[in-house]
Amino acid sequence: MSDVSSQLRKAIAMIEGAMVDLELDDPPWWHSALGEVGVREQPGADHHPRVLEYLATCHRDNGGNIGNWAAQRDETPWCSAFVNWVLLRQELPVTRSAAALSWRNWGRETEPRKGAIAVLTRNGGGHVAFLDRLSGGQAYLLGGNQSNAVNVKPYPVARVLTYRWPLAA
């Protein structure tokens, strides 16, 4: 009996140690987005197949607002397509729009927190990505089409219009 108790205590200690390494507060879509870091547009006539997957979420055939020409080019603005793709992997509602500002009234407004969808202004339109953290007046965003790649990049907090959270989460 004491042998079983000893083994059980060791197993519990191992599980507790492993749980320290997990970030239990991360939203379920965070790790899907993080796993895409490094995906980058391909120069010239070639197009990154993963970026085309993101864009397919916004294709008219899937209820979106872009056609074949835009969905077949990784030069098409794809920040919103990336957010759609990530959330669809978690079976969450999406906008299916390639327009970043389509997220402005999506879901519910939330306080800035990791994984929140940040909708930003920019000249000529908007930008949308997932909030990683706030620091020194900057919103560090995990997003697509940030310098033509998926990465974490700082943006002035003053450019953030809203932070959004899925209704279902």
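For the reader, a short list of remarks on this structure follows.
- Restricting Ala168, Ala129, Ala149 to those that are small (Gly, Ala, Ser), in contact with a strand residue (DSSP E or B) (Cβ under 7 Å, 6 or more places away or on another chain), surrounded by fewer than 19 Cβ atoms within 10 Å (Cβ to Cβ) and touching a residue at least 40 places away in the same chain (Cβ under 8 Å) reduces the list to Ala149.
- Residue list for the stretch 32-77, filter: of a type in the set (A, V, I, L, M) and over 18 Å from the mean Cα position of the chain (by Cα): Ala45, Ile66, Ala70, Ala71
- Residue count for the stretch 41-73, restricted to those that are in a helix (DSSP H, G or I), surrounded by 21 or more Cβ atoms within 10 Å (Cβ to Cβ) and not hydrophobic (A, V, I, L, M, F, W, C): 1
- Qualifying residue in the stretch 96-106 (condition: at pLDDT 95 or above, surrounded by fewer than 16 Cβ atoms within 10 Å (Cβ to Cβ) and either out of contact with any Leu (no Cβ under 7 Å at 6 or more places or on another chain) or of a type outside the set (Lys, Arg) (or both)): yes
- For the stretch 74-95, the criterion of a residue being in contact with a helix residue (DSSP H, G or I) (Cβ under 7 Å, 6 or more places away or on another chain), crowded, with 18+ Cβ neighbours inside 10 Å, hydroxyl-bearing (Ser, Thr, Tyr) and touching a residue at least 24 places away in the same chain (Cβ under 8 Å) is satisfied by at least one position.
- Of the criteria (1) out of contact with any helix residue (DSSP H, G or I) (no Cβ under 7 Å at 6 or more places or on another chain); (2) within 18 Å of Trp29 (Cβ to Cβ); (3) not basic (Lys, Arg), which one Gly136 fails: (2)
- Of all residues in the stretch 90-118 being small (Gly, Ala, Ser) and out of contact with any Pro (no Cβ under 6 Å at 6 or more places or on another chain), the one that is nearest to Gln138 (Cα to Cα): Ala118
- Looking only at the stretch 133-169, residues that are over 27 Å from His47 (Cβ atoms) and either among the acidic types (Asp, Glu) or in a loop (DSSP other than H, G, I, E, B) (or both) come to 6 in all.
- Residue within the stretch 121-133 that is of a type in the set (Val, Ile, Thr) and more than 18 Å from Val37 (Cβ to Cβ) present: yes
The values are calculated or read from the model by the stated rules, or taken from the named source; none is laboratory data. As the structure is a prediction and not an experimental result, all values here were calculated from the model. Neighbour counts are summed over all protein chains in view; Cβ atoms, including those assigned to glycine, are modelled from backbone coordinates with ideal geometry.
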